[in-house]
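What follows is calculated from the coordinates using simple rules that are stated; it is not laboratory data. Just so you know, these numbers come straight off a predicted model, no measurement behind them. Please note: Cβ atoms are built from the backbone with ideal geometry, for glycine as well, and neighbour counts cover all protein chains shown.
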């Protein structure tokens, strides 16, 4: 193996700007609507929840937005992150394809989530906010915001979906290590939580409900703002540093991806790796590439959801956003990739999908864990359950290349390591990890309950 | 913060040789003795357990030993590992000292252990060995050998100390993910294990006993060799890549360490960071520096052990080696830093300590977790319980510098991250993590039972 396996960027070459795809789209996405008036919302509507700088980013159509110097300084704890050539995986698959992966598990939280947590905490601290409130599924976002808040002197409260709170106690310990408070959702600390508990005292929770709880706390407390770990434009924007770096690293490798793959829950991880490459295509600087979003078969918002206005949360506290949605009342099964258990999909990514610029594929969790184990045994790194979906997607593309005799170049984002999710691997080896299907009737019901928008 | 926080070496600058301190010591260490004859052992005595290449390294006095190309290729999955300047920790402590840390948690196993697992597996595979057998405490070594064995097509069986097997199920899942079999020790698969269970069916195990089990399996099976994760000369040799890289990175930083710190269980992690710097001093290329080995107060082999010939294991199957020992019959309390629960200390490191070249300090685990939490809240990375001992040692030195008004440069090895040990942090936050003292009577008894050597 004479060629390199790992491509590292000099610290000085870390991109100093985020890429905003809104500048290059042929048509703008549909605007978020106020649920009361049905009219497009403005900055004032978001002011109770977010600082001004974040609201400006949410609505910006500037192509490039500067990453503040103090945010860059924190990023340099682990960024630029490495790009690897998966030579051992290629060999095991016997594929003529070249497989590259961008590895985001090198962050202190072990995932890509600090890429947005750090700037969100910094902008809030700059505007005098004292407390941040958020939700988390598997705990990757919650732990990342705990880490970020601590660095900038903010108190952080995290509502964690109860099934993950119970399944993944290690992430909770991590949030506490970084100084945050973690509360299982549904909780009795909010109206939304109490209502859910009254309906079902044993409810295992959902990201949609945890969002309701966190938003409620932020809306009711002057000194508290809300932070979201995916879905919104500014979060996708922050994650583009991943793709911006990958562009430079693919150049270092003297290669150019034909297919770009990421797993999708709320959409920010996929957008992070994909949008900078897609931007090249939209600006006519590069020919057409394939972009493949991989989602769990048990929560397939892009594959099976409706592209419609819906609420981002269960208690219907958020603005209405147009997205691929399974319905805000839909509760995904309690599978292990907790970070992908969300009923909707980022509006910007949904719009891009509606424009036919990306594809979606859905896989069951056993097949994903099988892919994760093969990856661990060849490339060493044990992927997080969420990231196994991207691995599965990449392996399927590599096997297609083998069948078709094509030496394509595949790039995927390995969004995090699985060191805190080994209980899921143990369940897989013990034969206790089963595929899970959502209830078709529940999906039909949830879709029938979508809000009516004129 | 204008200066850099992270110093990365180019892949091409990864050291191509290990450093062997045996070449530079003023006197050689006492030889290992055959327990039957009392005579120094030769290569033939070790042949049932180790491949020839490893035996040659164990006995070598060559100053530099080439790292085989295929081993270097695997290392490049994560090496060279980063060196960080701990600016946020310095600021939190208000110290004039500069603190640097070499971070080994970037390996797929999350610790420094693959540095020796990879070459050991490779040398065994080269000599046609099919199976490897080993022991593990916390699971860092066992998971690393599982990873390494898998890469080179070897079957791996790991005997894990039962208290760790129960406390740290995530590491076991990791071993299985990489394809190894993990057996709690004491087990009924060996004579040594059955004898221990007969004496106490609830025995929580010890590294010494797990070694006995693994050595027994290797000795009784033609196609099986044994691999040890610390203590022996060749393991310390393999870990010197850490210090070799750190020398180059401290030069990049334009700085020079006055104090070098590592945690010590069997001694390989500490030797890895310390020996290359100590070699400069022994060869007269550098003035005197301080080298501080930090060990758990509940298992203080350097601080409280006797420098005497002893067995490496509980069942007295190994050669006799001269080392700082608490006695091979001593069972350390079940504290969380399982990787430091060993009755002895590497003979080479013990010899270096006996020559007055290094210092030892012992701390209780609560103080170490407190240091680990401060580190996580400033530097981001959550240290493994073992590594918190090095963090504690570095903080104590930095506070001494503050008291004395000295701007010294401190370098320590952060040997691994704690993502798989978050249960220990949870216990710490819940107030369930207590300091543990060994039994003075048991220590006295164990020391009185040391073998008699003429």
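Using only the alpha carbons of segment A:204-358, what is the convex hull's orientation-averaged projected area in square nanometres?
10.2 nm²
Helix-derived [θ] at 222 nm for chain A: sum -39500 (n - 2.57) over DSSP H runs of at least 4, divide by residue count, nearest 500?
Result for chain A: -12500 deg cm²/dmol, rounded to the nearest 500.
What span do the alpha-carbon atoms of segment A:197-272 cover on each of the three principal axes, reported in whole Å from largest to smallest?
58, 31, 14
If I model a spin label at residue B:195 and residue B:219 as a point 7 Å from the Cα along the Cα→Cβ vector, what separation in nanometres do I get?
Those two pseudo-labels are separated by 0.9 nm.
Principal axis extents for the protein assembly as shown, Cα atoms only, whole Å, descending order, please.
Sorted largest first, the three principal extents are 96, 64, 53 Å.
With an 8 Å cut-off on Cα pairs and a minimum separation of 6 or more residues, tell me the relative contact order of segment A:318-424 in percent.
Over segment A:318-424, the number comes to 22 percent.
Averaged across A:372-382, how many Cβ atoms of other chains sit within 10 Å of each residue's Cβ atom?
5
How far is helix B:365-379 tilted, in degrees, relative to the longest principal axis of the Cα atoms in chain B, given as a value from 0 to 90 rounded to the nearest 10?
50 degrees
So for segment A:296-344, what percent of the C-alpha to C-alpha distances run longer than 13 Å?
Roughly 51 percent, once rounded to a whole number.
May I ask for the angle, rounded to the nearest 10°, between helix A:140-151 and the longest principal axis of chain A, with both axes built from Cα atoms and the value confined to 0 to 90°?
It is inclined by approximately 80 degrees.
For a test of the definition: using alpha carbon positions, the gyration tensor, and the 1.5 limit on a/c, classify chain A as rounded, prolate or oblate.
The shape class here is rounded.
What nm distance separates the two modelled labels at residue A:91 and residue A:73, each placed 7 Å from Cα along Cα→Cβ?
4.4 nm
Given an 8 Å cut-off on Cα distances and at least 6 residues of separation, report the relative contact order of chain B as a percent.
This gives 19 percent for chain B.
Sketch the reach of a paramagnetic label on residue B:442 as a point 7 Å from Cα along Cα-to-Cβ, and name the residues of segment B:277-300 whose backbone nitrogen lies under 13 Å away.
B:298-300
Based on the mean of other Cβ atoms within 10 Å per residue, sort peptides A:38-49, B:122-133, B:375-386 so the most packed one is first.
Packing proxy ranking, top to bottom: B:375-386, B:122-133, A:38-49.
To the nearest 10 degrees, how steeply does helix A:114-126 sit against the main Cα axis of chain A, on a 0 to 90 scale?
40 degrees
Return the average number of partner chain Cβ atoms within 10 angstrom of each residue Cβ along peptide B:75-81.
3
Can you tell me what the convex hull of the Cα atoms of segment B:1-106 projects to on average, as an area in nm²?
Across all orientations, segment B:1-106 yields a mean hull projection of 11.2 nm².
Jot down the per residue volume, in cubic angstrom and as a whole number, of the convex hull over the alpha-carbon atoms of segment A:59-119.
Considering the Cα atoms of segment A:59-119, their hull volume per residue is 132 Å³.
Remind me, relative contact order of segment B:114-228 in percent, using alpha carbon pairs under 8 angstrom and six or more residues apart?
Once normalised by length, the contact order is 30 percent.
Per-residue mean of other chain beta-carbon atoms within 10 angstrom of the beta-carbon, peptide B:180-188?
Taking the mean over all residues of the peptide, I get 0.
Can you put A:90, A:58 in order, fewest other beta carbons within 10 Å first?
The most exposed by this proxy come first: A:58, A:90.
How long, wide and thick is segment B:114-228, going by the Cα atoms along their three principal axes, in whole angstroms, largest first?
Result for segment B:114-228: principal-axis Cα extents of 40, 30, 18 Å.
May I ask for the Kirkwood hydrodynamic radius of segment A:53-181, worked out over all distinct Cα pairs and given in angstroms to one decimal?
This gives a value of 16.3 Å.
If I model a spin label at residue A:399 and residue B:23 as a point 7 Å from the Cα along the Cα→Cβ vector, what separation in nanometres do I get?
5.0 nm
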